[in-house]
Every structure is written in C-alpha cells, then in structure tokens.
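Structure first, commentary second.
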Amino acid sequence: RRSSDGPTRRNAPQQPIYQGRDRSDTMPWRNHVGNDSFESTLLPNQNQQSPLQNLASQGTVQDATIVNDPRASQMSSPMKFAQLPRATPPVSEHQVQWEQSEPARVPRRGGGGGGGGMAIHSVRWPLVRDPPGVASEFPLLMTRILVTCLSSVGTWYLSLYNGYSAVLASSALTLLVSTCLDRRLGQAAFCGSFAGMSGGHIAPNLSVALLLSVLASASYEVLIHINNSCLGIGGRLGATAFLATSIVAKYQGVGIVGKKLRRGVWKSGAGVSSVAISMILFHILGAVATIFLRESSDDSAAGDPVRASSVVGLVGALFLKDPTAILALYGGSFVGMSLPSRLMYGNAPGNARPGQPQSAASLLASFAGAGAIAGLVHALTIHSGYWTGGWGGKAGLCAFAGCWVYRGFGNVSRFLKKSSHQTR
C-alpha cells in the first residue's frame, strides 16, 4: 500500500503484499510441463527436500562439489550447484538448482585421455579396448542414396575431367561429407567415392557414371546397411564398390584381364620388381599410420576409421609424387580401418574369443603384417593384368583379402597351438 491511498476501509479486499518470502515457503504446483506457478524449473521445497539436499546442507560446498562429509564419497557421481540468475530484490538461498555433474573423464581404451579440446593425445600401452568403430548409419534412406551417388559422380568427374588424382578426389570428398555434413554419412560417401575412382574405359560418360553410382548405392544398402557384412574387417567398403564396378564393366564389355600387362612379380635376374616393393612397403605404412592415428586421436576427430583413412590418403596424395605409392598408401589405410580385436583375435560379433592387452609391438606388427599381405595381393593383380586401368574398389578389395588371409594365418596358428597343448 502506498501512503497516499488514504485510510483502509473495513472488510475491503486488499492487494497482497509481498514480504520477501522465498519459494520454498509455499508448495509449488505442477503444470503439464513440470514447471511451478513461477514459470521456472520445479525445485524441491523445505518439506520435500531430497536426501542429497539434506546431505549437502550438512556439508560444506567448495568449488561446486560437496566435501568434508564421508557420505558424499558414496554417491555415484558428484553433485554441483548451478546458481540461478538473481532477481531484484535478491532471492534466498533456496533458489538454487541441483544438477548432475559430468563424470570424471577417464583415459580411453588405455590410451592417455588427453586434455580438453585436444584432437591428438599420447597413447598409453598396453591397450585394453578397440578404438572407435564406424559411426551409426544415417537414418534417412534417400539421404544416404543421394550422398553415395554424389560422391561417386563427384570423384569420377574430378579425376577424369579436372586432372585431380583419384585418391585425392576420393579422400577429400569423404572428409568433406564426414566433417561438414554428418559423420554418419561417412561410410556412404566413402563407398561411393571408391566406385567413382573408375577409369574412363569403364565410365566414359555421365550416364554410365550415374549408373555406376546407383549400383554402388544399391550394393552399399544391401551389404553394409542391411546385413552389416564383415564388420570390423578393413576394405569391406571397397569390396562393395568393386562389385558395382564389375557389373558396369561387364555391361560395357570391359574384360577383367589385360593380357598385354602380364608379367611376373620376380624379374629375371633382378629380384622382386619395384612395383611389388612399393606396394608392400606403402601398404604397411598406410596400415600402421591409420591405426596409430585412430588410437591417438580424439573420438570426435580422426578416431573415426573413415576419417583416419581419408586423412592418410589425402596426405599421401598431396605429398607423394609416385602414383603407385599414393594408391598403395591409400590401400594400406583400408587395412588400418579394421578393429584390432577382429583382426588379431577373430572376435567377430557373436563369436567372442579371449584376447589380451595389446602392446605397441603386437598391435603395429599385426597391422603391418596384414598390410604387407594386402600389398602383395595388389602387386600380384597388377603384374597379372587383372582389373587394370582404374577399377573402382580394387584397392579396397585387396585390403579386404589381405585382412582375411592374415586372419586365416591366425586361425591356423591358434589351431596348431591348441593341438600341441592337447598332445602334451
């Protein structure tokens, strides 16, 4: 009441006077969105105080964490205060909102956790977990199809008409989609770009390139999205694109063998050919670099296998001059996309086998071995004249074969050890 209002009449309705009480003095009512009558987040009052609040009232608050009370350490995760903005006049201490704090960051997979915002961190050996696998699929079918087709046609156009290397076009477009659009579209873009690496003898014009992109998208949806075939084995996306390329090549009447290019891996009197050496060495380098990049990168950066492989391929295309070395490095990066538990121990989904902590030597040696086999397979296809002249997905198919051959050697070694133990 203002003093100028004059005397108050008896039994006359009066305006309620706010006495500075806090909101905990009255029982707030809930509406359909969970707010109280003050249009703010519902807070527990004094009569309905939660056990955590009673615990906090008995302790001391320091740096937004409850301390000096033994029961605070028994909580599943620390609690912290988030002070709400003060109004005028100031409100009481009851206008404090409790919120669950984020759990303490722990080192990932045995690797050094790294500082906040860092994309690269040190690796602490031995590792006890796999690096992050591929991201979950993007839910919209038409978006995946569109991305696969555009990546295929874009890679084909950049490499055939603009003079860019096929590896540069493929890795750059995949990184662009994965980082700027959505990480979940990375696999679709990667698979499409492999098909787009085909040469002009397979896709001489835009209409054939569009047909190739549609077949690549269909193969991807059936083999990868629906069946999720060969999860954890590197090169499966390239093998999927290779299937679509082979169908188009058959339609175009292109043979899989170029007889004029047949020659042996071993030169007469000169040892192993330089092509075979380059293929093996750079496949090893690509595989080791990719798995190391995945292990030492943050999950939001190059820890994703699609991004890690694209980064290795992009660096190789920018700094290497030999086309054979660039393609070999890119093919080796597909081996590095494998999950260590699948490549080293055969832990397929639904078929888990006992593993052991992965030391630096065992991890890098396993991927180097698989990369060497993949490089040898690729060199054999070149010297034998198979799928020559730019066959989309061929490098991925060789990496896929190298991983399976290495896994086969591992199974044989496991069987022999088991048999020797049983005979003893």
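For segment 251-268, the criterion of being more than 32 Å from the chain's Cα centre (by Cα), more than 17 Å from HIS383 (Cα to Cα) and either of a type in the set (Ser, Thr, Tyr) or at pLDDT 90 or above (or both) is met by at least one residue. The residues of segment 225-246 that are in a helix (DSSP H, G or I), aliphatic (A, V, I, L, M) and in contact (Cβ under 8 Å) with a residue 40 or more places away in the chain, listed by number, are LEU237, ALA239, ALA241, LEU243, ALA244. Condition first: touching a residue at least 24 places away in the same chain (Cβ under 8 Å) and under 13 Å from GLY234 (Cα atoms). Can you find one or more residues in segment 409-421 that meet it? The answer is no, given that none of the residues of segment 409-421 is touching a residue at least 24 places away in the same chain (Cβ under 8 Å) and under 13 Å from GLY234 (Cα atoms).
Residues in segment 304-345 that are surrounded by 23 or more Cβ atoms within 10 Å (Cβ to Cβ) and basic (Lys, Arg): ARG307 alone.
Yes/no per residue for (1) of a type in the set (A, V, I, L, M, F, W, C); (2) open to solvent by less than 40 Å² (accessible area, probe 1.4 Å); (3) assigned to a helix (DSSP H, G or I):
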| residue | (1), (2), (3) |
| --- | --- |
| PRO131 | no, yes, no |
| PHE138 | yes, yes, no |
| ILE145 | yes, no, yes |
| TYR157 | no, no, yes |
| ALA169 | yes, yes, yes |
| SER178 | no, yes, yes |
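For segment 279-303, name all the residues that are open to solvent by 30 Å² or more (accessible area, probe 1.4 Å), at pLDDT 90 or above and more than 14 Å from MET337 (Cα to Cα). Correct list: ILE280, LEU281, PHE282.
The listed residues are SER333, SER420, SER366, and the only one of them that is part of a helix (DSSP H, G or I) and in contact with a Phe, Trp or Tyr (Cβ under 8 Å, 6 or more places away or on another chain) turns out to be SER366. Checked against (1) open to solvent by less than 50 Å² (accessible area, probe 1.4 Å); (2) at pLDDT below 95, VAL153 passes all but condition (2). I'm trying to understand the selection: among the residues of segment 180-194, which are crowded, with 23+ Cβ neighbours inside 10 Å and not polar (S, T, N, Q)? Across segment 180-194, the qualifying residues are LEU185, GLY186, ALA188, ALA189, PHE190, CYS191, GLY192, PHE194. Of the residues making up segment 229-239, those that are within 19 Å of the chain's Cα centre (by Cα) and modelled with pLDDT of 85 or more are CYS230, LEU231, GLY232, ILE233, GLY234, GLY235, ARG236, LEU237, GLY238.
The values are calculated or read from the model by the stated rules, or taken from the named source; none is laboratory data. Just so you know, these numbers come straight off a predicted model, no measurement behind them. Cβ coordinates were reconstructed from backbone atoms using ideal geometry, including for glycine residues, and neighbour counts include every protein chain displayed. All accessible areas refer to the heavy atoms of the entire protein, side chains included, with ligands and DNA or RNA removed. Shrake-Rupley method; radii C 1.70, N 1.55, O 1.52, S 1.80 Å.
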